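The values are calculated or read from the model by the stated rules, or taken from the named source; none is laboratory data. Not measured: the values here are computed from a predicted model. Cβ coordinates were reconstructed from backbone atoms using ideal geometry, including for glycine residues, and neighbour counts include every protein chain displayed. All accessible areas refer to the heavy atoms of the entire protein, side chains included, with ligands and DNA or RNA removed. Shrake-Rupley method; radii C 1.70, N 1.55, O 1.52, S 1.80 Å.
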Amino acid sequence: MVGKIYIIVVAAICSILLRIQGFHSISISLSLALIYLLYQHRTNGKLQISFLVIFLFFYFNPYYFPTAPPLPLENSIRGKITSIPIFNGPNIKFELTSQNNETFQINYYAKTEQELNDVKSLKYGFKCSFTGTFKDPPQARNFYSFDYRSYLATRKIFFQFVPNYFSTTQCIETNQSTYHLLQRYRQMGINYIKEHFPDASKGMIISLIFGDRGELDADVQQSYQSLGIIHLLAVSGLHIGLVNTSLYFILIRIGMTKERTTELLIVLVPMYSIISGAEPSVIRASSMVIIVLISIRTRLKVSLLDNISVVCLGLLLVNPAYLFQIGFQLSFLVTYALLISGSTIFQRYSSRFWQLVSVTVVAQLISFPLVIYHFYEISLWSLPLNFVYIPFFTFFVMPLAFIIFFSHLFIPQISELLLVLYEFVLIYSHKGLEFINNLPFSSIVLGKPPPYLLVLYYVAIGFLFYLWESSTTKLAFIKGGMAFLTIVTWHWFLPYLKDTGEVTMIDVGQGDSIYLELPHRKAVYVIDTGGHVTFAQEADWQRKEKEFAVGEEILVPYLKAKGVRKIDKLILTHGHYDHIGGAEALLGNINVETLLYGAGPVEGELEQSLLQNFTENGTKIQFVKRGDKWKKNNIEFHVVAPVGGEMNLNDRSIVIYTKIGGLNWLFTGDLEANGESSLVNYYHSLNVDVLKVGHHGSNTSTTEQLLAATNPKIALISVGKGNRFGHPHPDTNSRLKDHNLKVFRTDQHGAIRYVFNGNEGTFQTVLNEER
């Protein structure tokens, strides 16, 4: 079995995929690979038996794949806090494990500043009891978006609980286990840095020491992610190796023997893995280090390949759902690639520089398909930036973070001096990253690949590694590279090969955003971009550190998942924030060729600023009014409003009439009664199949006059779930019901998509009406 444990790992992964996802391109390909490996080792009876036991164990074990129970009917909960509370303004979130060993997520909104201060006294391990309401966690409401409910389910958390109120008398401190104490120290360390360190450096220091990126600036994180160096901000093998090596030499220098040092590190490394967050990548690195230390101490030789295989199998035994976490996938896949192919390739070069290049290229190539699958784009700067930033982090950023933190605890004066240098370097290194990230063509948007394309990517990469390992000629390496680039090219042109088009009403909450794509991607149009509206003036204690941004968190990721690199026309119907607030996020992310805006005065400061920014970015601004039209791929788009002199901004909405996929569509923006009357009086016979209901279903829109004149069959309503306006209005619902319309609403169905081919098409929704 020596050197063969990785086959057992493949069996476990294959079993988990088949159990959870059934047969698809990835699970079938992995099954075929597993059959081949077993055939190659058909004489190894122990391996065959181990494979069978592991495969059946994962596939049939009901503990690993629990189904969500019914929503609890109780109105109280009691248990122990088992995560560090997270604060965002008055919002508080943490996990509570009950006496029955069930874990729930607690969500609370502090009603007063004093209450918020009381909640901030909560610590890991406190026993609490609350009264309140159980809720289902939110599902993904858009295609390609992150499904929070599924994520919590992988951690066996099926419900959220919202307390009615909070008081310090509801929680008490209890005796702590070693694990709980370490988590408490982690919480204390994070809070200490938040309170004593400046904003420019505290996020980085917390991230590197304690594995929590919550305090890092969102723009900084975005730059690291887009440029392919986000792994530097996560505690992983590089960090664990640095900490372990530093401790080893420090302990040796102060006179401890190598034997005692090794034994002490075997105890300290797992403790640090808990303090730094205990994510899969941390556990993987720490476990490998511990196994190596044990083998050194006992003088037993352990295969590194078996080492990582045992760790991987152990994590899957703890929780098979780790398999679906990006950190787990990248951590183990890159490590396997470096051990299997990287070591052979590494030995082919005598120069340290080319050794570094070869290892970096192997890591970048093997992670490429997963990065594209999860983030939809790849940075052209990733390879050179890794050459620069890995040494920069290894020899400056990480060591100095630890030195500054510990010196601040004992000699604050030294720490303050070091912080000046640290902040100066960090600020300019981050500005450099943001500058590179904003350069034209700094990243390639490919879109989310289908599963079969992931398989082809890894077949091509495996072929490339094989030729790189086995051949000494440059021609062989070029052949392997061409195979890989062929798959990339296929991926690039994939949207242009599709016969289907789509109209998608994206769920942006209380706002509008509609995506139109013509077959073979002849054109991409976006009507409005949504925008999160805030109303009341908030006190300082109510302000959130991280505000939700529709453009950055919903619209841009959706477009990138579709592989959209250019919007042919961005149609901003009118100047209200819930329709144009997300447009700013497109700048620097997605090129916009032409922006359509309604004829009439541009009065609002937001409108003026937005149009100016797009103009400076090279976008053509076109003001349109009734009678304007354009034609693309034999599809005509008619602007039927505004006239240009409307006093009401809603009635100045751009209204578009078109025939797509065999259906006549009317996109109305926030058109209200006066605008609808003007439209109907001008166009006496406007036959409509699909009506985008105006103004989110407000009673000021979708009048009886409009419905009678257009006679639609289907209504689409873009409306926020539980919105404060009560949209859609009961009267509007009644009118739609009286006319026998089939109604799709984003608050009930999430995103709504019409996929068509020629004159035929079908409607799809992300979810059914939630319970």
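Structure data summary
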quantity: Top-ranked residue of the range 22-53 - restricted to ones that are β-branched (V, I, T) and surrounded by fewer than 14 Cβ atoms within 10 Å (Cβ to Cβ), ranked as farthest from A12 (Cα to Cα); calculated: T43
quantity: Any hit, the range 732-753, residues being in contact (Cβ under 8 Å) with a residue 60 or more places away in the chain, among the polar types (S, T, N, Q) and in contact with a His (Cβ under 9 Å, 6 or more places away or on another chain); calculated: no
quantity: Of all residues in the range 293-315 being open to solvent by 20 Å² or more (accessible area, probe 1.4 Å) and touching a residue at least 60 places away in the same chain (Cβ under 8 Å), the one that is farthest from Y64 (Cα to Cα); calculated: S303
quantity: Yes/no for P384 being of a type outside the set (V, I, T), under 19 Å from V235 (Cα atoms) and either surrounded by fewer than 20 Cβ atoms within 10 Å (Cβ to Cβ) or more than 29 Å from the chain's Cα centre (by Cα) (or both); calculated: no
quantity: Set T658, T594: member being polar (S, T, N, Q), more than 28 Å from F441 (Cα to Cα) and not in a helix (DSSP H, G or I); calculated: T658
quantity: Selection within the range 592-608 - surrounded by 12 or more Cβ atoms within 10 Å (Cβ to Cβ) and modelled with pLDDT under 95; calculated: G598, A599, G600, V602, G604, L606, E607, Q608
quantity: Residue satisfying condition, being outside any loop (DSSP other than H, G, I, E, B), over 18 Å from I26 (Cα atoms), open to solvent by less than 50 Å² (accessible area, probe 1.4 Å) and modelled with pLDDT of 85 or more, within set Q364, Q355; calculated: Q364
quantity: Members of the range 54-75 found to be surrounded by 10 or more Cβ atoms within 10 Å (Cβ to Cβ) and under 26 Å from Y322 (Cβ atoms), listed by number; calculated: I54, F55, L56, F57, F58, Y59, F60, N61, Y64, F65, P66, A68
quantity: Which numbered condition A11 fails, given (1) at pLDDT below 85; (2) touching a helix residue (DSSP H, G or I) at 6+ places or on another chain (Cβ under 7 Å); calculated: (1)
quantity: Count of the range 122-151 residues which are surrounded by fewer than 18 Cβ atoms within 10 Å (Cβ to Cβ), part of a loop (DSSP other than H, G, I, E, B), at negative phi and out of contact with any strand residue (DSSP E or B) (no Cβ under 8 Å at 6 or more places or on another chain); calculated: 4
quantity: Of residues in the range 619-631 being in a strand (DSSP E or B) and in contact with an Asp or Glu (Cβ under 8 Å, 6 or more places away or on another chain), the one farthest from G662 (Cα to Cα); calculated: K620
quantity: Residue check, T103 among the β-branched types (V, I, T) and in contact with an Asp or Glu (Cβ under 7 Å, 6 or more places away or on another chain); calculated: yes
quantity: Single match in I209, I205 (criterion: within 22 Å of K431 (Cβ to Cβ), surrounded by 15 or more Cβ atoms within 10 Å (Cβ to Cβ) and at pLDDT 90 or above); calculated: I205
quantity: Verdict on L475 being without any contact (Cβ under 8 Å) to a residue 60 or more places away in the chain, out of contact with any Phe, Trp or Tyr (no Cβ under 9 Å at 6 or more places or on another chain) and open to solvent by less than 50 Å² (accessible area, probe 1.4 Å); calculated: no
quantity: Strands (runs of 3 or more DSSP E) fully within the range 1-100 counting 1 or more residues that are among the acidic types (D, E); calculated: 91-98
quantity: Among residues of the range 543-561, those that are out of contact with any Asp or Glu (no Cβ under 9 Å at 6 or more places or on another chain), more than 24 Å from L370 (Cα to Cα) and either part of a helix (DSSP H, G or I) or basic (K, R) (or both), counted; calculated: 2
quantity: Flag if S701 is touching a His at 6+ places or on another chain (Cβ under 7 Å), closer than 22 Å to L518 by Cα and open to solvent by less than 40 Å² (accessible area, probe 1.4 Å); calculated: no
quantity: Subset of the range 557-591 (residues that are open to solvent by less than 10 Å² (accessible area, probe 1.4 Å) and either under 24 Å from P449 (Cβ atoms) or of a type in the set (S, T, Y) (or both)); calculated: Y558, L559, A561, G563, V564, I567, T573, L586, I590
quantity: Residue match in the range 294-302 (condition: in contact with a Ser or Thr (Cβ under 9 Å, 6 or more places away or on another chain) and not hydrophobic (A, V, I, L, M, F, W, C)); calculated: yes
quantity: Pick from the range 745-756, criterion touching a Pro at 6+ places or on another chain (Cβ under 9 Å) and modelled with pLDDT of 95 or more, ranking: nearest to G720 (Cα to Cα); calculated: R745
